[in-house]
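The values are calculated or read from the model by the stated rules, or taken from the named source; none is laboratory data. No experiment lies behind these values; they were computed from the predicted model shown. Methodologically, a virtual Cβ is constructed for each residue, glycine included, from the backbone with ideal geometry; neighbour enumeration extends over all protein chains shown. Areas reflect the complete protein model, heavy atoms only, side chains present, ligands, DNA and RNA absent. Shrake-Rupley method; radii C 1.70, N 1.55, O 1.52, S 1.80 Å.
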Amino acid sequence: MSSQVIAARIRGFICLNAHPAGCAANVDREIALARAQAPGKGLGAVLVVGGSTGYGLSSLVSAVFGYGARGTAVCLERPPQGEKTASAGWYNLAAAQRRAREAGRDVSVINGDAFSREIKDQTIGALRKSGVKLDHVIYSLAAPKRVDGDQSWSSVLKPLGAPFRSKSVNLGNEQVTEVEIAPASDAEVEATRKVMGGEDFAAWVHALADADLLARGCRAVAYSYVGPALTFPIYRSGTIGKAKEDLEKTTTELSAMLAARLGGAAWVSVNKGLVTQASAAIPVVPLYISLLFKVMKAAGTHEGTAEQIARLYHDHLGPGRTPRTDAEGRIRLDDLELRPDIQAQVSALWAEVTTENLSAIADYAGFRTDFRKLFGFEVPGVDYAQPVEIDVGID
Ligand code: NAD
């Protein structure tokens, strides 16, 4: 047992600790949102790979609390160690598990490297033991690295072909400066594909199908991003965009396999740009997101991950729904972000934004608060002067 008063320890786009009560309050808010427009039943079981934070956590919460699913989350999170807090994802899943139990539902957690055969086997073993077959497999991994035996690949966020010069906000000193990012080598393009492309999604779905753990009509969904032209060089036309193209191509192949074997299907859902641990690390994107938030909040169309995923389930994925897709077969939850009037305003602000006017014309305060909230800090209703127990377990 170890109670302490916890203050955020932030270094640029990384926060070194997390607040268990703040994380639990975030999860409670997500649960309330998931319950609001959903029937509370309809799904048997879901697996979320990358289910501890961001889009994956919201997916788990929507399925379990919105549609009564038995949930399994695979994640890579740090448990508490002595005086050191756990990572935010650990506290999120501990809270989700607690709330699930109180509601007579079930959330299982497999903590380890999702890329590994060992964690796939462990997950398969746990699902077999529980005797359930999966209605949904959600793939929401955002990883910097993949290891396979003595080989490893690190993903990079770089443009292709030529250097990219752009405005960007430095999250350490909050200055808007011009950055230049050198183009990726061919080896870096391939490494990013190995980490963030479709290979591991396919490996999961095939392993689960071979283990006879997918229900008839099973739906598999992976998340992607497109974004606006101004981030294309670093995102959609960059190394990560190439990896996402690979993920999208793999998803089409998986869909054919699921249709033939189980009458199921696979989709990519293109989601909105939002503050998560993964997106905060991308150059240029935090400045774009700060301007986007300003414009979308003023238009009354702003959503967070919980609202996005509630919409995904309500409109596309929930029981009885057939996903609506674009010409490439993708679900588009980024429709409101990419509305021409929204993007025209963001582009106009982008041309003007400087260090001096950052807090006036961008919602940098919103970005900053959302970033701190990811780790359980600055969450309304939490008394940060009180000591809290950091030694919180997951079963
Ligand atoms: P996130 O950082 O909040 O979540 C990443 C998840 O992956 C966590 O659960 C983490 O524990 C898990 N993880 C990382 N490495 C792992 C490993 N080796 N083994 C097991 N688990 C591991 O990220 P996010 O932003 O929610 O991203 C999830 C997906 O959504 C990604 O595919 C991302 O590209 C996509 N997406 C994100 C945005 C955005 O703006 N954040 C927008 C559209 C799509």
Q: Could you list all residues from the stretch 80-100 that are over 28 Å from HIS316 (Cα atoms), open to solvent by less than 50 Å² (accessible area, probe 1.4 Å) and more than 11 Å from the ligand (Cβ to nearest atom)?
A: PRO80, THR85, ALA86, TYR91, ALA94
Q: Identify, by number, the condition in (1) of a type in the set (Ser, Thr, Tyr); (2) part of a helix (DSSP H, G or I); (3) crowded, with 19+ Cβ neighbours inside 10 Å that THR252 doesn't meet.
A: (3)
Q: Report the residue count in the stretch 255-280 for those that are within 14 Å of PHE367 (Cβ to Cβ) and either in contact with a Pro (Cβ under 9 Å, 6 or more places away or on another chain) or more than 7 Å from the ligand (Cβ to nearest atom) (or both).
A: 4
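Which is in contact with a Phe, Trp or Tyr (Cβ under 6 Å, 6 or more places away or on another chain), in contact (Cβ under 8 Å) with a residue 40 or more places away in the chain and either farther than 22 Å from ILE282 by Cα or surrounded by 17 or more Cβ atoms within 10 Å (Cβ to Cβ) (or both), of ILE390, ILE331?
Values: ILE390 fails: in contact with a Phe, Trp or Tyr (Cβ under 6 Å, 6 or more places away or on another chain).
The conditions single out ILE331.
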Q.
Condition first: at pLDDT 95 or above, open to solvent by 70 Å² or more (accessible area, probe 1.4 Å) and near the ligand (Cβ under 9 Å from one of its atoms). Can you find one or more residues in the stretch 101-108 that meet it?
A. no
Q. Any idea which of (1) among the acidic types (Asp, Glu); (2) within 14 Å of the ligand (Cβ to nearest atom); (3) surrounded by fewer than 18 Cβ atoms within 10 Å (Cβ to Cβ) is the one ASP315 doesn't satisfy?
A. (2)
**Q.** Qualifying residue in the stretch 205-219 (condition: within 20 Å of ALA142 (Cα to Cα), of a type outside the set (A, V, I, L, M) and open to solvent by less than 10 Å² (accessible area, probe 1.4 Å))
**A.** no
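Could you list, in sequence order, all residues of the stretch 139-185 that are basic (Lys, Arg), open to solvent by less than 50 Å² (accessible area, probe 1.4 Å) and either within 16 Å of the ligand (Cβ to nearest atom) or part of a loop (DSSP other than H, G, I, E, B) (or both)?
In the first step, residues of the stretch 139-185 are kept if they are basic (Lys, Arg); the result is 145-146, 158, 165, 167.
Checking which are open to solvent by less than 50 Å² (accessible area, probe 1.4 Å) leaves us with 146, 167.
Matches in the stretch 139-185: ARG146 only.
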Q: Answer with yes or no whether GLY51 is modelled with pLDDT of 95 or more and within 13 Å of the ligand (Cβ to nearest atom).
A: yes
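From the residues in the stretch 78-97 that are in contact (Cβ under 8 Å) with a residue 40 or more places away in the chain and of a type in the set (D, E, K, R), which one is farthest from ALA209 (Cα to Cα)?
First, the residues of the stretch 78-97 that are in contact (Cβ under 8 Å) with a residue 40 or more places away in the chain: 79-80, 82-88, 90-97.
Filter once more, so that each one left must be of a type in the set (D, E, K, R): 83-84.
On the way: GLU83: 42, LYS84: 39 Å.
Among those that are in contact (Cβ under 8 Å) with a residue 40 or more places away in the chain and of a type in the set (D, E, K, R), it is GLU83.
Residues of the stretch 186-222 being assigned to a strand (DSSP E or B) and either of a type in the set (D, E, K, R) or farther than 22 Å from TRP267 by Cβ (or both), which ones? Talk me through it step by step, then tell me what you get.
Narrowing the stretch 186-222 to residues assigned to a strand (DSSP E or B): 214-222.
ARG216, ARG219, listed by residue number.
Scan the stretch 281-312 for residues that are part of a helix (DSSP H, G or I), within 11 Å of the ligand (Cβ to nearest atom) and either acidic (Asp, Glu) or closer than 22 Å to PHE13 by Cα (or both) and report the count. Write out each step before concluding.
Pass one, the stretch 281-312, residues part of a helix (DSSP H, G or I): 281, 285-299, 305-312.
Of the ones still in play, those that are also within 11 Å of the ligand (Cβ to nearest atom) are 281, 285-286, 288-289, 292, 305, 308-309.
Then keep just the ones that are either acidic (Asp, Glu) or closer than 22 Å to PHE13 by Cα (or both); that gives 281, 285-286, 288-289, 292, 305.
Of the residues in that region, 7 qualify.
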(Q) When the residues of the stretch 109-138 are narrowed to those that are open to solvent by 10 Å² or more (accessible area, probe 1.4 Å) and hydroxyl-bearing (Ser, Thr, Tyr), which ends up farthest from the ligand (Cβ to nearest atom)? (A) SER130
